[in-house]
Structures are given as structure tokens and as C-alpha cells.
There are 2 protein chains.
Amino acid sequence: MAVKKPTIKDVARLAGVSFKSVSRVVNNEAWVSDEVRTKVQAVIEQLNYQPNRTARLMRTAPFSLAFVYDNPNSHYVIEMQNGILTECREKGFELVIHPTDSASDQVRHELTSMIGTNLVGGVILTPPLSESTTLVQQLLEQQAKVVRIVSGAEPPDELCPTIYVDDEAAGQAITEHLLDQGHRHIAFLGYHKDHKSSLGRYRGYCAALHHAGFAVEDELVISGHFTFDSGVQMTEQLLQQSNKVTALFGCNDEIAAGALYAARKRQLAVPEDLSIVGFENSPFSRQTWPGLTTVHQPNAEIAARAAAMLISLMLEPEQTPKHCGFKLQLVLRDSVSPI
Amino acid sequence: MAVKKPTIKDVARLAGVSFKSVSRVVNNEAWVSDEVRTKVQAVIEQLNYQPNRTARLMRTAPFSLAFVYDNPNSHYVIEMQNGILTECREKGFELVIHPTDSASDQVRHELTSMIGTNLVGGVILTPPLSESTTLVQQLLEQQAKVVRIVSGAEPPDELCPTIYVDDEAAGQAITEHLLDQGHRHIAFLGYHKDHKSSLGRYRGYCAALHHAGFAVEDELVISGHFTFDSGVQMTEQLLQQSNKVTALFGCNDEIAAGALYAARKRQLAVPEDLSIVGFENSPFSRQTWPGLTTVHQPNAEIAARAAAMLISLMLEPEQTPKHCGFKLQLVLRDSVSPI
DNA sequence: TTTTTTATTGACAACGTTGACAGTCTGGTG
DNA sequence: CACCAGACTGTCAACGTTGTCAATAAAAAA
């Protein structure tokens with residue numbers, strides 16, 4: 001044991017050729033005679049030689065990318081990650097993951113450090129980091145390749161290739177669904193002024209109400225976070241202060257699941273006494289009882305797309321990939337009933 | 001834009017010292033005068049110089065580790081990952097994640113390649129990969145540092161530092177809890193002969209029954225996977241073929257959640273008509289209704305420990321960290337009632 | 001035949017860092 | 001005063017690749 005890893009020169013010596021020839025074989029370059037090629041390949045096989053990535057990286061651009069996110073416990077993240085990974089594996093890239101606290105000042109430093117030290121060649125940014133223009137600019141200045149995922153009906157600017165997800169349209173669609181079923185007092189759970197997705201969904205909710213000729217009732221709009229616990233707490237608060245509400249729009253599935261839980265605790269039957277909808281179509285939205293009516297957000301697909309764009313950006317820098325928008329579809333299950 | 005990243009030599013030139021002195025300052029070596037130190041630091045600041053990791057890596061051991069897993073969608077994985085990440089960040093390591101299909105022959109090649117090409121210096125293995133002695137040996141031969149997480153009351157061998165989790169004792173404890181509540185016909189859902197954790201929990205289940213003087217009823221042991229869907233399906237199968245069963249031991253929380261769902265579908269009240277327990281204490285085990293009685297498996301903590309052991313192994317190779325065992329605790333919630 | 005092209009190979013210098021080692025001061029000690 | 005240790009600094013060779021360019025041999029064109 002403690003055998004040193006074979007290097008390109010070891011292979012060269014055994015094959016009786018120059019180490020440059022070995023390099024050529026390894027990189028599948030032209031102008032190598034079949035004779036040399038087979039001889040070298042045999043030795044590579046024999047020694048189980050594998051080129052040292054680190055050394056290689058000194059001459060070439062990094063073959064790895066970073067996934068930067070903020071909310072480590074959500075399903076959102078793991079689905080995204082899986083999507084990115086499928087793409088990475090296909091293209092032979094490695095993935096470095098980098099959770100971070102977007103509130104902290106460290107973020108900028110950490111990110112520019114990953115780029116600045118040549119660890120990764122590109123970065124996939126998710127909200128809320130992806131919404132900071134200055135951060136994106138800083139990264140770009142360091143010659144990082146950046147792809148960002150944001151909420152919106154179109155990209156906010158032309159800084160970098162962007163994937164935008166139209167929360168507003170979907171928020172409107174699912175609210176309209178509730179209105180169609182006869183609901184008139186629909187609560188919105190999970191409003192958060194600094195959270196673009198929340199805001200988009202909220203705007204869609206307002207638009208649907210307005211189009212239908214109803215006003216937004218302020219006491220039915222509850223602020224909170226995108227978590228189960230927050231969902232429980234918001235629902236309790238709401239049900240205490242209002243008894244006319246017949247439907248709940250949870251800003252994501254976790255909130256909706258929390259609402260479901262709180263309703264159960266209050267002995268309210270869903271959907272008979274109270275209709276509930278979520279947003280995201282995370283796996284557990286079909287595992288609750290009743291299954292949640294929600295909006296399908298194809299996180300893995302979105303992320304895979306982001307990864308594909310980033311990799312193309314790194315490999316063929318001359319051709320900038322286009323932005324890409326995602327429209328979201330309703331998923332009807334059993335948590336809504338007509339009134 | 002397109003400014004080249006400053007190198008150690010750029011700093012040296014501007015500071016009017018040799019680049020070796022800069023290196024010394026960067027690495028906090030002794031024997032550097034305060035004068036040089038402050039001068040260099042000023043220039044570093046000014047240029048925003050960051051040492052190139054790749055180049056550094058050519059002279060030193062890699063500062064990153066790989067997390068290798070097989071079941072990308074489970075909570076288990078994301079919790080583990082978060083645990084590893086906390087540890088990594090603290091120690092300044094980067095994490096490369098590597099999902100893989102343990103059934104495929106590629107695994108060995110992929111792993112030895114990560115090591116062989118110097119991408120990472122160490123690997124954290126989870127089941128079922130961690131159970132392959134030959135894989136561990138292969139990795140070790142490549143001078144990889146390996147820490148593995150396995151199921152068992154003690155490490156299976158002395159190949160590498162190991163974290164072992166005593167599924168059997170916990171499986172026994174939770175079965176005893178059910179027996180204490182008067183249950184006599186307890187089904188075991190999620191038996192899988194190739195799955196060590198499943199097997200351990202199953203052995204605990206059997207032991208509890210035997211100690212209490214009951215036999216294991218074969219028709220109450222259902223084979224399946226650790227997923228929600230499998231849980232639903234196994235429960236349906238079970239309830240069709242037996243009507244004496246009063247309690248269900250789901251081999252993990254997802255199975256238990258599936259069982260809950262299937263019971264609901266059959267109009268069975270939990271826990272009144274049927275008691276259900278899970279295993280793992282994943283977040284959603286307290287988000288179901290009723291909350292699941294389960295076994296707390298501190299995945300993040302386990303993984304953080306693994307990472308800490310691995311890092312120590314990489315940094316101070318002379319001192320091998322000790323194995324480390326985890327005992328699991330019952331979490332009593334509302335999915336069990338006395339009979 | 002001579003020249004040009006085409007295929008094939010090798011020497012050598014990068015890449016940006018750290019480690020080994022050899023200097024050069026300064027001040028104290030014999 | 002000579003010597004030495006200690007504090008500091010610099011030179012140079014690695015590390016394992018890839019890129020550049022020159023050298024060679026064989027084949028084709030003149």
C-alpha cells in the first residue's frame with residue numbers, strides 16, 4: 001500500500017514514448033499513430049492510470065459548478081439539486097454545493113472566493129441571492145459564469161442567462177379555480193414582502209380577485225414564512241380572527257400542509273368545511289390526506305435547465321444561452337370542494 | 001472586465017518582495033517581519049488577491065470530500081448532507097456530492113476516479129455502499145480516506161473508522177412499546193433482505209416478540225421499499241389478507257406515512273382502530289395527523305460526526321479517529337393507543 | 001531528383017503554488 | 001574581534017498536466 005499514484009510520465013516510460021504522446025492519447029487528439037495509441041492504452045489500463053484533475057485544471061477551465069441556495073431544508077432545494085446533478089453527470093461535471101445565509105455579509109466573500117480561487121467555473125443562483133443585481137455583477141466581474149433562477153414573467157435584466165418562473169400567472173390561476181368553485185372569502189397565507197415568489201403569487205391572487213370583481217380583504221392576507229410551522233401558526237391566527245373564510249391559499253405546500261394540520265386540530269373537515277390549496281406540487285402534497293390541490297412547479301426540470309445553460313456557457317462561451325421561462329400548471333386533487 | 005486574476009507574483013511585485021514572502025504571509029508562517037507582513041497584506045487587500053486553490057492543491061492534499069449516497073429523494077440524504085455541510089464549512093472544506101446507483105457497476109469506477117484524479121481526499125459512504133467490504137478496500141488501496149456509516153451494534157470490521165447505528169435495539173424498543181400498549185398482532189412493513197437497516201429493525205422486532213413470548217407471524221411481515229408508495233401498497237395488501245392486526249411497524253417514516261394514508265382511505269381511524277409507528281423522526285413524522293410515534297435518528301448529527309472524523313483523518317493521518325456508535329431514542333407522539 | 005506537404009513525435013516552457021535550502025543581516029557571546 | 005545563533009528573505013525546483021513549436025519521417029507533388 002501507499003503506492004504513489006501513477007502519473008503521465010510513468011505511463012510514458014512503460015510505453016516507451018514521450019509523456020506528451022500519452023497526453024495526446026488521453027485527450028483523444030488527432031495525429032497519433034494507432035500503434036502508439038494502443039500501446040499507451042494498454043499501459044494506462046495496466047497501471048490504472050487516471051489523469052490528475054488538479055494538474056489538469058491548472059491549464060484548463062474548471063469542470064465543476066456551484067449550486068448556491070439559502071433554505072437548506074426545503075424540498076425545493078433537494079429537487080433542484082437532483083436536477084442539476086443529472087445534468088452534471090451527463091456532461092461529466094462535478095457539483096459543489098454551497099448553502100449560505102443570504103442575510104450575512106459573508107455571502108459575497110464566499111462566492112467570489114469560490115470563483116476567485118478557481119474552485120468552480122460557474123454558479124447557479126437561487127432566490128433570494130439571485131435577485132441581487134450587485135451580487136451578480138460582482139460575480140460577473142470575476143469572470144464567473146452565472147445562471148440565475150428568479151421569479152417573474154420575464155428576466156429582470158440582461159446581466160446573465162436567466163430562468164424565470166411565472167408565479168403571478170399561476171397564483172392567479174389557482175385563485176381563479178377557488179373562485180370558480182364559489183369561494184368568496186379566500187385567505188392568502190405566507191405573504192412576505194421581501195420574497196419575490198410570495199409577492200408574485202400574491203399579485204396573482206389580487207389580480208384574480210379584481211378580475212372577478214372582488215376586493216382584497218386585508219385581514220385575510222397573513223404574513224409568514226414558507227414552513228409547515230408557520231402554516232400552522234398563520235392558520236390558527238386566521239381562524240381565530242375570522243370565521244367567514246372558506247378557502248385558504250397557502251403560498252407553498254408546506255404552508256398548506258400546516259394549514260391542513262391546524263384545521264384538523266380545530267376539527268374542521270377538509271375540504272368540506274375548508275378548502276385548501278398549496279403551491280409547488282412537492283411530493284408530500286399528494287401524501288397528505290386529502291391530497292392537496294396545488295400548482296406544479298417542476299423544480300428538477302428547472303434546475304436541470306439551469307445547469308445545462310451554465311455548462312453550455314462554460315464550454316462555449318461565445319454563444320450565450322437564451323433565457324428560459326417556465327409556465328406552471330394546476331394540479332387538481334382533493335383539498336378543494338365547491339361551496 | 002476580463003481582467004486576469006492576480007497571482008502571488010503580482011502581489012509580490014507590487015509589494016516589492018519575493019513571491020515566497022507573499023506565500024509566507026498567506027500561509028501565516030513564522031519568521032516574517034511585521035513590516036513585510038503589513039505591506040503584503042495591504043497589497044492583497046488592494047488587488048483582492050486570492051490564492052488559486054488548484055495550484056495549491058498540486059502541492060497539498062485536497063481540501064474537499066465527497067458524500068456518496070444512493071437514494072437521492074429521501075430526507076435521510078438531505079439531513080445527512082446538511083450535517084456534513086456544517087462541519088465542512090467550519091473546517092473550510094468543500095463538499096462534492098455524488099449520488100450513484102449502487103446496483104450499477106459504474107460505482108467503483110466513479111469513486112476510484114474521484115480519488116484517483118485527486119478531486120477529493122476522502123469519502124463518506126452511506127448504505128448500501130458502505131457495506132461493501134471490497135469497495136472500501138479498493139478505495140483504501142487508492143489511499144483514499146474513508147469513513148462509513150453502517151447499521152449495526154458495532155463496526156463490522158477494522159478497515160476504516162466507522163459510524164454504526166444500532167437499528168436492532170431501537171427496533172426492539174419500539175416493538176416493546178407496542179407490546180406494552182397491549183398489541184399482540186403487530187405487522188412489520190418494509191422488510192428487505194438486502195437492506196441492513198431493515199434487517200436490523202426486523203431483528204429487533206423479532207427479539208421483542210420472542211422476549212414477550214410471542215411468535216413472529218410470517219403473514220404479518222411484508223416486504224417492500226422505504227417509500228411512501230410502497231407503504232401504501234404494503235398496507236393495502238396487509239389489510240386485505242389479515243384482519244387481526246392492530247398495530248403496524250413501518251420500517252421508516254415514509255412507509256408509516258403511507259400506512260397512515262392507506263388506513264385513511266379504508267376509513268380506519270388512527271390510532272383508535274390501528275396504531276402505527278415509524279422510524280427516523282423525519283420532519284414530516286410530526287406533520288402528519290396524528291403525529292407519528294417513531295424512533296429519533298439524528299441524521300444530521302451522525303453525518304456531521306462522520307465528516308468530522310473524515311476531516312481529522314485527512315488532516316492528521318497519524319491519529320485514526322475512533323469508531324462511534326449511536327443509540328436511538330423513542331419519540332412518543334399520537335399514532336399509538338393502548339388496546 | 002528536389003521540394004512540399006502530411007503525419008507523427010518529442011523537448012520544453014508554462015500554469016500558480018509550496019518546500020528545501022541557501023543566503024543575508026543583526027546582535028550577542030566567547 | 002571572530003564566531004554563531006536567530007530572524008528574516010530570496011532562489012529555485014518541484015507538483016502533473018497541456019500548449020507551443022521544432023524535429024523527424026514518410027508520402028506526395030513539382
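The values are calculated or read from the model by the stated rules, or taken from the named source; none is laboratory data. No experiment lies behind these values; they were computed from the predicted model shown. Note: ideal-geometry Cβ built from the backbone for every residue, glycine included; neighbour counts use all protein chains shown. The protein model used for the area step is the full one, side chains on, heavy atoms only, and it has no ligands, DNA or RNA in it. Shrake-Rupley method; radii C 1.70, N 1.55, O 1.52, S 1.80 Å.
Annotations for the structure displayed:
- Residue check for A:Ser223: surrounded by 17 or more Cβ atoms within 10 Å (Cβ to Cβ) and either on the phi > 0 side of the Ramachandran plot or small (Gly, Ala, Ser) (or both): no
- Index of the failed condition, A:Lys20 passing every other in (1) part of a helix (DSSP H, G or I); (2) surrounded by 15 or more Cβ atoms within 10 Å (Cβ to Cβ): (2)
- The listed residue being within 17 Å of A:Ile311 (Cα to Cα), more than 13 Å from chain B (Cβ to nearest Cβ) and within 19 Å of the chain's Cα centre (by Cα), out of A:Ile97, A:Ile124: A:Ile124
- Identity of the residue in segment A:253-294, polar (S, T, N, Q) and within 18 Å of B:Ala262 (Cα to Cα), that ends up farthest from the other protein chains (Cβ to nearest Cβ): A:Ser285
- The listed residues are B:Ala30, B:Ala55, B:Ala12, and the only one of them that is within 16 Å of DNA strand D (Cβ to nearest atom), away from every other protein chain (no Cβ under 12 Å) and in a helix (DSSP H, G or I) turns out to be B:Ala12.
- When A:Pro317 is tested against (1) within 14 Å of another protein chain (Cβ to nearest Cβ); (2) out of contact with any strand residue (DSSP E or B) (no Cβ under 8 Å at 6 or more places or on another chain); (3) assigned to a loop (DSSP other than H, G, I, E, B), exactly one condition is not met: (2).
- Tally of residues being more than 10 Å from every other protein chain (Cβ to nearest Cβ) and acidic (Asp, Glu) across segment B:100-115: 2
- Subset of segment A:24-76 (residues that are in contact (Cβ under 8 Å) with a residue 40 or more places away in the chain and on the phi > 0 side of the Ramachandran plot): A:Asn48
- Residues that are under 18 Å from the mean Cα position of the chain (by Cα) and open to solvent by less than 20 Å² (accessible area, probe 1.4 Å) do not occur anywhere in segment B:171-184.
- Residue check, A:Gly250 within 15 Å of A:Phe279 (Cβ to Cβ), buried (at least 23 other Cβ atoms within 10 Å of the Cβ) and within 14 Å of chain B (Cβ to nearest Cβ): yes
- Hey, A:Thr60 facing chain B (nearest Cβ under 9 Å), over 20 Å from the mean Cα position of the chain (by Cα) and surrounded by fewer than 21 Cβ atoms within 10 Å (Cβ to Cβ) or not: no
- All positions within segment A:41-52 that are more than 7 Å from chain B (Cβ to nearest Cβ) and outside any helix (DSSP H, G or I): A:Asn48, A:Tyr49
- Among residues of segment B:324-339 being in a loop (DSSP other than H, G, I, E, B) and in contact with a helix residue (DSSP H, G or I) (Cβ under 9 Å, 6 or more places away or on another chain), the one that is most open to solvent (accessible area, probe 1.4 Å) is B:Lys327.
- In segment A:63-94, the residues that are of a type outside the set (Asp, Glu), within 25 Å of A:Pro317 (Cβ to Cβ) and within 7 Å of another protein chain (Cβ to nearest Cβ): A:Leu85
- Meets criteria (outside the structural domain of A:Thr126 (by TED's automatic domain parsing) and within 8 Å of DNA strand C (Cβ to nearest atom)) for A:Ala42: no
- The residue list A:Val146, A:Val150, A:Val165 contains one member that is buried (at least 18 other Cβ atoms within 10 Å of the Cβ) and within 14 Å of another protein chain (Cβ to nearest Cβ), which is A:Val146.
- In segment B:84-135, the residues that are polar (S, T, N, Q), at pLDDT 90 or above and in a loop (DSSP other than H, G, I, E, B): B:Thr126, B:Ser132
- Applying the condition of being of a type in the set (Gly, Ala, Ser) and within 13 Å of another protein chain (Cβ to nearest Cβ) to segment A:226-247 and asking which residue is surrounded by the fewest Cβ atoms within 10 Å (Cβ to Cβ) yields A:Ser230.
- Scanning segment B:289-298 for residues that are surrounded by fewer than 24 Cβ atoms within 10 Å (Cβ to Cβ) and touching a helix residue (DSSP H, G or I) at 6+ places or on another chain (Cβ under 6 Å) yields a total of 1.
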